[in-house]
Structure formats: C-alpha cells, structure tokens
Amino acid sequence: MEQEQNNYVYIVRCADGSLYTGWTKHIARRISVHNAGKGAKYTKSRLPVTLVYQESFATEREARSREWHIKQLSREEKLALIGEGNVFAP
C-alpha cells in the first residue's frame, strides 16, 4: 500500500517582521532547519522564524504552483491570507 505524502506551502514570519514563503514535504523539520540557520539564504540573517501559515497538497506540483502564486502577492495580500491584515475588497 502506498503512503500518501503531503506537500506543504508555508509562510514564516522572520524576526525582522518580514515574511518568507516556501514549500516542503516535512513542515516541522523545515522550520527547524530554517531556525538552525541552514535554510534559505533569506532567513539565515532574520532568525528566528515562526510558522504563521500553511496549506497542504497531494502533489509537489500543486504545492510548487501555489508557492509561486503566493510569492506574487503583495505583503498586504499575504497578511490578509494569513489573517493579519485588512481584507481587501476587489
């Protein structure tokens, strides 16, 4: 029997208040790697990071696509997505 693998898109808040978006198959491990200073270059100088948002997908392709779409959002739109900003009316 094949085990279902989850693929996650996540947003972390860095110590300087900035947001970083990524994807992974193991969310807890990835956050630990970021906080150990071995994650993305962007987060290394902005530690610690805190997980503020995640979505789960059945495939890596779906997760990577969603990651790309989230990265296209403005900061204000990302804050609205994670529930910390004003909700924008179209």
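The values are calculated or read from the model by the stated rules, or taken from the named source; none is laboratory data. Since we're looking at a predicted model, the values are computed, not measured. Note: ideal-geometry Cβ built from the backbone for every residue, glycine included; neighbour counts use all protein chains shown. Accessible surface is based on the protein model in full, side chains and every heavy atom, while ligands, DNA and RNA are left aside. Shrake-Rupley method; radii C 1.70, N 1.55, O 1.52, S 1.80 Å.
If I filter the stretch 78-85 for residues that are more than 15 Å from residue 15 (Cα to Cα), modelled with pLDDT under 95, open to solvent by 80 Å² or more (accessible area, probe 1.4 Å) and not basic (Lys, Arg), do I get at least one hit?
yes
Just checking, how many residues over the stretch 1-25 are over 25 Å from residue 80 (Cα atoms) and touching a residue at least 12 places away in the same chain (Cβ under 8 Å)?
2
For the stretch 51-74, which residues satisfy the criterion of being open to solvent by 80 Å² or more (accessible area, probe 1.4 Å) and either closer than 24 Å to residue 29 by Cα or modelled with pLDDT under 95 (or both)?
54, 61, 62, 64, 68, 69, 71
Can you find a residue that is within 17 Å of residue 15 (Cβ to Cβ) and among the basic types (Lys, Arg) anywhere in the stretch 45-55?
There is at least one residue in the stretch 45-55 that is within 17 Å of residue 15 (Cβ to Cβ) and among the basic types (Lys, Arg).
Sort out which residues of the stretch 1-50 are in contact with a Phe, Trp or Tyr (Cβ under 9 Å, 6 or more places away or on another chain), over 17 Å from residue 73 (Cβ atoms) and open to solvent by 80 Å² or more (accessible area, probe 1.4 Å), and write them in order of number.
Residue satisfying the conditions is 26 alone.
Answer yes or no as to whether residue 19 is of a type in the set (A, V, I, L, M, F, W, C) and in contact with a Cys (Cβ under 9 Å, 6 or more places away or on another chain).
It is false that residue 19 is of a type in the set (A, V, I, L, M, F, W, C) and in contact with a Cys (Cβ under 9 Å, 6 or more places away or on another chain).
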